[in-house]
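Undergrad: I have a structure I would like to understand better, so I am pasting it below and will then ask my questions one at a time.
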Ligand code: BES
Ligand code: MN
Ligand code: ZN
């Protein structure tokens, strides 16, 4: 599928499906919209009246316009109230147009939507993202594709002539989001620590990044007892993956992105019981998937920033080799951890990943992890928890997420709650009381970052969308990639 920037107005465009964005304030059709309706012999007005179309955000309808016309179908996409227009409303509107065009078997689609904030480049970018992300269909595990009918082949962004660079940027970002979706959606017998390292190698060779993969023995030498403890019951070798993007000149900043990479989380000997969602725990590498997705995008966007992409990848399994609940592990910074719950494994793998990352001497670290069910209880399925002691980094990430259309919400790092992790025998335990579980998880991670500005995103909720929602779902969302990319670009 190709997305093109066109100067053509919707009055002149010809093709299969013409999608028009409509504000609630404008369903009466005036000006150019009235001319368009006239051109199609009043069929737009009829459609609005028949379907009682109110132009609510996310709503969309289609009708055939008379045969012999230069356009086969008109698609109307609701934009809500004019003064409430948000950037993401446009991304969602483009997604709705693309989904409806596919349903209506339109091979060519023209999209006419308002420009956001006089910023044609950003508008073209988000429309392109919306189209790619809505049309992406995962047929890898079907013996026959589910969508065999005609596909949308060409999308013209009307009135956005000259925005080719923005479209290219969005193509690159979307390729990263889609990679993350593919990694998260693939089951644990398909995406393993070995294939995650292979995916990193493919990114490195396609986009010119450096790759270092630490094997079990390398991790042993570095004293990564927490990560290796989690890995010790798996039949698969752990892989500590470190990709580096280096710009050509002197980098403006050095950043690091760290992702939790559990290709499956059984819970370990504190095995996940019935109703725990154990059958969905292939998603537990969503942080690593976002990290690799961001690497793929950054490798193409080539900003003036050095970026390290790190993930300690393994499975959390059971066997005679498994960590016993109560075992004490020593992390690579020398801290001893009483593992009072083997299902709190993500923070153990991240502990060693964060210690390794800080030694790289970067200016800031962001980690992403499907870390706690407690965060889902707090914020629901759509919003990630943001934890950080650093206000400046928080505001950078909030801005990046806003433009990305990804919802994040800061939660407190209440130091007092660290008392819940007190251990009678080791430096601390890996889990505290049930209450405030996502906060104690973040406080645990904080023990492994000494002085580098650091933020933690708990993405256990938004990594997956049960239902279709705008350009997301049903299924893996690729959450985090766009926020990370925007964050890196804002530092360049
Ligand atoms: N991977 C899970 C968290 C999770 C839960 C991700 C639901 C996605 C959806 C994590 O490793 C885990 O098991 N956390 C435990 C922590 C508890 C033992 C303190 C949890 O949230 O129950
Ligand atoms: Mn777990
Ligand atoms: Zn987990």
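The values are calculated or read from the model by the stated rules, or taken from the named source; none is laboratory data. Just so we're clear, the structure is a prediction, and the values are computed from it rather than from any experiment. Glycine also receives a Cβ, built like all others from the backbone with ideal geometry; neighbour counts cover every protein chain displayed.
Undergrad: Tell me, please, whether a residue that is in contact with a helix residue (DSSP H, G or I) (Cβ under 6 Å, 6 or more places away or on another chain), in a strand (DSSP E or B) and within 16 Å of ligand 1 (Cβ to nearest atom) can be found in region 191-199.
TA: no
Undergrad: Does region 315-339 hold any residues that are within 16 Å of ligand 3 (Cβ to nearest atom) and surrounded by fewer than 18 Cβ atoms within 10 Å (Cβ to Cβ), and which are they?
TA: Scanning region 315-339 gives 318, 325.
Undergrad: Run residue 264 past the list (1) at pLDDT 95 or above; (2) more than 21 Å from residue 368 (Cβ to Cβ) and report the number of the one that doesn't hold.
TA: Condition not satisfied by residue 264: (2).
Undergrad: Being under 25 Å from residue 149 (Cβ atoms) and either over 26 Å from the mean Cα position of the chain (by Cα) or part of a loop (DSSP other than H, G, I, E, B) (or both) narrows it down to one residue among 92, 72, 99; which is it?
TA: Going through 92, 72, 99 in turn, the sole match is 72.
Undergrad: Let me ask you something else. So how many residues does region 224-262 have that are within 20 Å of residue 333 (Cα to Cα), touching a strand residue (DSSP E or B) at 6+ places or on another chain (Cβ under 7 Å) and more than 16 Å from ligand 3 (Cβ to nearest atom)?
TA: Matching residues across region 224-262 total 7.
Undergrad: Which strands (runs of 3 or more DSSP E) sit wholly inside region 291-378 and have at least 2 residues that are within 16 Å of ligand 1 (Cβ to nearest atom)?
TA: 306-316, 336-338, 364-369
Undergrad: Moving on to the next point. Can you say whether residue 262 is in contact (Cβ under 8 Å) with a residue 40 or more places away in the chain, within 12 Å of ligand 2 (Cβ to nearest atom) and in a loop (DSSP other than H, G, I, E, B), as far as the supplied structure shows?
TA: Values: in contact (Cβ under 8 Å) with a residue 40 or more places away in the chain: yes; within 12 Å of ligand 2 (Cβ to nearest atom): yes; in a loop (DSSP other than H, G, I, E, B): no.
When the stated conditions are applied, residue 262 does not pass them.
Undergrad: How about region 200-238: which of its residues are farther than 18 Å from residue 356 by Cβ and not in a helix (DSSP H, G or I)?
TA: 208, 232, 233, 234, 235, 236
Undergrad: Follow-up question, since we're still on this one. Mind telling me which of the residues 148, 142 ends up being outside the structural domain of residue 463 (by TED's automatic domain parsing), farther than 30 Å from residue 114 by Cβ and either in a helix (DSSP H, G or I) or modelled with pLDDT under 95 (or both)?
TA: Within the list 148, 142, the selection yields 148.
Undergrad: Of these, 77, 65, which one is buried (at least 17 other Cβ atoms within 10 Å of the Cβ) and modelled with pLDDT under 95?
TA: Being buried (at least 17 other Cβ atoms within 10 Å of the Cβ) and modelled with pLDDT under 95 holds for just one of 77, 65, which is 65.
Undergrad: Kindly indicate whether any position in region 295-314 is at pLDDT 95 or above, surrounded by fewer than 24 Cβ atoms within 10 Å (Cβ to Cβ) and within 15 Å of ligand 2 (Cβ to nearest atom).
TA: No, region 295-314 contains no residue that is at pLDDT 95 or above, surrounded by fewer than 24 Cβ atoms within 10 Å (Cβ to Cβ) and within 15 Å of ligand 2 (Cβ to nearest atom).
Undergrad: Further question on the same structure: Do you know which residues across region 426-441 are out of contact with any strand residue (DSSP E or B) (no Cβ under 9 Å at 6 or more places or on another chain), in a loop (DSSP other than H, G, I, E, B) and either outside the structural domain of residue 260 (by TED's automatic domain parsing) or at negative phi (or both)?
TA: 431, 432, 433, 434, 435
Undergrad: Quick check on my filter: what residues within region 12-48 are farther than 21 Å from residue 100 by Cβ and either buried (at least 17 other Cβ atoms within 10 Å of the Cβ) or in contact with a helix residue (DSSP H, G or I) (Cβ under 8 Å, 6 or more places away or on another chain) (or both)?
TA: Answer for region 12-48, where residues must be farther than 21 Å from residue 100 by Cβ and either buried (at least 17 other Cβ atoms within 10 Å of the Cβ) or in contact with a helix residue (DSSP H, G or I) (Cβ under 8 Å, 6 or more places away or on another chain) (or both): just 25.
Undergrad: Can you confirm whether region 472-481 contains a residue that is more than 30 Å from residue 60 (Cα to Cα), assigned by TED's automatic domain parsing to the domain that holds residue 224, crowded, with 17+ Cβ neighbours inside 10 Å and in contact (Cβ under 8 Å) with a residue 24 or more places away in the chain?
TA: no
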